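Encoded as structure tokens, the structure appears first; notes follow it.
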Amino acid sequence: ILLSFPLQVTNLPRITELVLSGKNITCLPEEIDAMTGLEKLYLDNNQLDSLPLSISRLRSLKHLSASTNNMGTWPAGVTSLDSLIECDFSGNQIAAIPGNIDSMRMLEALDLGSNNLRNLGLLPALPSLRLFNLSDNPLDSLPESIGRMPALEQLYVEQDHLTFLPATLCRLPR
């Protein structure tokens, strides 16, 4: 069990994949941005309550998984990761999706299952999103904009409190 992130790892800029799952890590150092070649970062099953803002400078990052942590809010720097294809923040306590999530134009899979999402607000259309997991959240409705995601193929809403689905879902091309 690691109690803190090993800073020496940040001296390895050519590492493309880093798996630090199940290590009880409580925070990541700002120096994580030195890992410029990082494409996949797995931080599942730790004690993280946030991610450093410097994560926004990991321009090569394509896969980010930080499921089953203690994050109560969406990590601020993540929406700047315009190369991100997969993002998994399931099993946290996230209560809102940021309005600027539409800057993540390459995002194909977003897992926000088992969080604290009650209302998605004015969810912007994500043009590349194919898989969207919202299961096991206290959601009572979905916004009409969810039906304006042209690539959406899989929408998971099991164990939510939904009483109806927006009519725009019927207009999805897939």
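The values are calculated or read from the model by the stated rules, or taken from the named source; none is laboratory data. Nothing here was measured: the structure is a model prediction, and the numbers come from that model. Glycine gets a Cβ as well: all are built from the backbone with ideal geometry, and neighbour counts include every protein chain shown. Ligands, DNA and RNA are excluded from the accessible area calculation, which covers all protein heavy atoms including side chains. Shrake-Rupley method; radii C 1.70, N 1.55, O 1.52, S 1.80 Å.
7 Å from Cα along Cα→Cβ at both His63 and Asp82: what's the point-to-point distance in nm?
Label-label distance for His63 and Asp82, simple model: 2.4 nm.
So, in nm, how far is label Glu144 from label Leu122 when the simple model puts each one 7 Å beyond its Cα toward the Cβ?
For Glu144 paired with Leu122, the spin-label model returns 1.3 nm.
Sort 89-95, 76-82 by packing, meaning the average of other beta carbons within 10 Å per residue, with the highest value first.
The peptides rank, most packed first, as 89-95, 76-82.
Quick one: 3J(HN,Hα) in Hz for the range 121-126, Karplus 6.51/-1.76/1.60 with θ = phi - 60°, rounded, Gly and Pro as x.
x, 8, 5, x, 5, 10
Under a Cβ-only charge scheme (Lys and Arg +1, Asp and Glu -1), can you give me the dipole magnitude of the chain about the Cα centre, in debye to the nearest 20?
Using Cβ point charges on Lys, Arg, Asp and Glu, the chain gives about 340 debye.
Gly91: net charge of surrounding residues, Cβ under 10 Å, Lys/Arg +1, Asp/Glu -1, itself excluded? Numbers along the way, then the final one.
Working: positive: none; negative: Asp44, Asp88, Asp111, Asp136.
Residues close to Gly91 contribute a combined charge of -4.
Taking the simple approach of a point 7 Å from Cα along Cα-to-Cβ for both Ala167 and Asn24, what is their distance in nm?
Output for this residue pair reads 5.5 nm.
Using a 1.4 angstrom probe, figure out how much accessible area the chain has per residue, in square angstrom, rounded to the nearest whole. Numbers along the way, then the final one.
Values: 8400 Å² over 174 residues.
About 48 Å² of surface per residue is accessible.
Could you compute how much accessible surface Thr16 exposes when probed at 1.4 Å, giving the result in Å² to the nearest 10?
Accessible area of Thr16: about 70 Å².
Got a number for the accessible area of Met106? Probe 1.4 Å, square angstrom, nearest 10.
We get 100 Å² for Met106.
For Rg and Dmax of the Cα atoms in Å, pick the label among (i) 16.3, 52; (ii) 15.2, 44; (iii) 18.7, 54 that corresponds to the value derived from the coordinates.
Of the listed options (i) 16.3, 52; (ii) 15.2, 44; (iii) 18.7, 54, (i) comes from this structure.
Which of rounded, prolate or oblate describes the range 77-174 when judged by the alpha-carbon gyration tensor and an a/c cut-off of 1.5?
Here the range 77-174 falls in the oblate category.
Net charge near Ser135: determine it from the other residues with C-beta under 12 Å of the C-beta of Ser135, scoring Lys and Arg +1 and Asp and Glu -1.
Details: positive: none; negative: Asp111, Asp136, Glu158, Asp160.
Cβ neighbours under 12 Å give a net charge of -4.
Could you look at the range 1-89 and say what percent of its accessible area is carbon and sulfur, using a 1.4 Å probe and all protein chains?
Values: 2120 of 4170 Å².
Ligands and nucleic acids excluded, carbon and sulfur reach 51 percent.
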